[in-house]
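Below: the structure, in structure tokens.
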């Protein structure tokens, strides 16, 4: 009976956000994570909501066909475990929603930077699941942002939403947490990554969430800009939500650990399957002196020297701009990949993703 409720919950989670991948390995995570009573109540939670939006307890209880006073403590317990997001509805009621893939799950276990017994217990089945699982359809929920030096000299007409400095300055609240990808890699062992751990930045509502949960610490605009600068010095890759306004988080990724970047580097998935890419590397051949510095610096390892000129594999290039940082003649540049632009804001981004998911369901149904 218990296995049935966990399988029902896993199927229910298939429709949350971009979808929890449907692999039996996830059942072990749910068994360790959720009690059968909590699973029953969780089936009453809505699925087609943008991240960080919640539904009132009364509505969840009605869907679960249970009294509010029975449902609310179970929802609170799931929130404390890191399975649900808790906030106020627009009308001021207490509400809950599933934490979505990429917006807290599975990152919430690693953000705090402490390897607790809970993390150790859930880590192995979680890693097994994540290695196997990915959304069944491409979802451009995130995008790469070029390093700051790029916007100074190597691009024409750069939009403010493509500048990390402007993203940071627009935020109303900022927090920093530990990079979940590098935390996970160090728990697995055998990874020689030495990059900074505490440099994953959250903005606005996401910052409120991690601060209130004690998973991150509040920082100033100046501190955030310093983290961005140091990340670029380490050769890390910026990515943010694929929207122009109300960006909720910035990851500063290495290609050896990142859940999104590493699979592209290893050619496990196509570049455009995971993230939106708006720029590609190009070269001013007249200015290039053939030193090979860009090939050495490229985190994706897609630049090779042929004769005295670099050759770029554009099918893998993500337009991060890291290869431009130490070019002695400024011959390394970026070009626009196409005419597409990010969604207007965070809500519009996820409303469109939900619309596409519902359309796909209709076609497949």
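Let me spell it out: the conditions are (1) farther than 17 Å from residue 182 by Cβ; (2) modelled with pLDDT under 90; (3) buried (at least 19 other Cβ atoms within 10 Å of the Cβ); (4) touching a helix residue (DSSP H, G or I) at 6+ places or on another chain (Cβ under 8 Å), and residue 85 meets all of them except one. Which number is the exception?
Every listed condition holds for residue 85 apart from (2).
Looking at 102, 112, 133, which one is within 29 Å of residue 320 (Cα to Cα), at pLDDT below 85, within 24 Å of the chain's Cα centre (by Cα) and buried (at least 17 other Cβ atoms within 10 Å of the Cβ)?
Within the list 102, 112, 133, the selection yields 102.
Checking residue 279 against (1) at pLDDT below 90; (2) buried (at least 16 other Cβ atoms within 10 Å of the Cβ), only one condition comes out false. Which one?
Unmet condition: (1).
Restricting to region 237-258, what's the tally of residues that are within 20 Å of residue 187 (Cβ to Cβ) and touching a strand residue (DSSP E or B) at 6+ places or on another chain (Cβ under 9 Å)?
Total meeting the criteria: 6.
Hey, among the residues in region 13-30 that are part of a loop (DSSP other than H, G, I, E, B) and in contact with a helix residue (DSSP H, G or I) (Cβ under 6 Å, 6 or more places away or on another chain), which one's farthest from residue 125 (Cα to Cα)?
Selected residue: 20.
State whether one or more residues within region 57-75 are touching a strand residue (DSSP E or B) at 6+ places or on another chain (Cβ under 9 Å) and outside any helix (DSSP H, G or I).
no
Residue by residue through region 325-339, note down the ones that are touching a strand residue (DSSP E or B) at 6+ places or on another chain (Cβ under 8 Å) and more than 17 Å from residue 239 (Cα to Cα).
Within region 325-339, 331, 332, 333, 335 meet the criteria.
Which ones in region 209-227 are over 22 Å from residue 166 (Cβ atoms), surrounded by fewer than 17 Cβ atoms within 10 Å (Cβ to Cβ) and free of Cβ contacts under 8 Å to residues at least 40 places away in the same chain?
212
Quick test for you: out of 41, 119, 11, pick the one residue that is in contact (Cβ under 8 Å) with a residue 24 or more places away in the chain, more than 24 Å from residue 185 (Cα to Cα) and outside the structural domain of residue 204 (by TED's automatic domain parsing).
From the options 41, 119, 11, the qualifying one is 41.
Consider residue 298 carefully, then state whether it is touching a strand residue (DSSP E or B) at 6+ places or on another chain (Cβ under 7 Å), assigned by TED's automatic domain parsing to the domain that holds residue 203 and over 30 Å from residue 15 (Cβ atoms).
The answer is no for residue 298.
Does region 181-198 include one or more residues that are buried (at least 21 other Cβ atoms within 10 Å of the Cβ) and farther than 22 Å from residue 257 by Cα?
no
Assess whether residue 151 counts as being at pLDDT 85 or above, surrounded by 17 or more Cβ atoms within 10 Å (Cβ to Cβ), touching a helix residue (DSSP H, G or I) at 6+ places or on another chain (Cβ under 9 Å) and not in a strand (DSSP E or B).
no
The values are calculated or read from the model by the stated rules, or taken from the named source; none is laboratory data. Remember, predicted model here, so these are calculated numbers, not experimental data. Ideal geometry is used to build each Cβ from the backbone, glycine not excepted, and the neighbour counts take in all protein chains shown.
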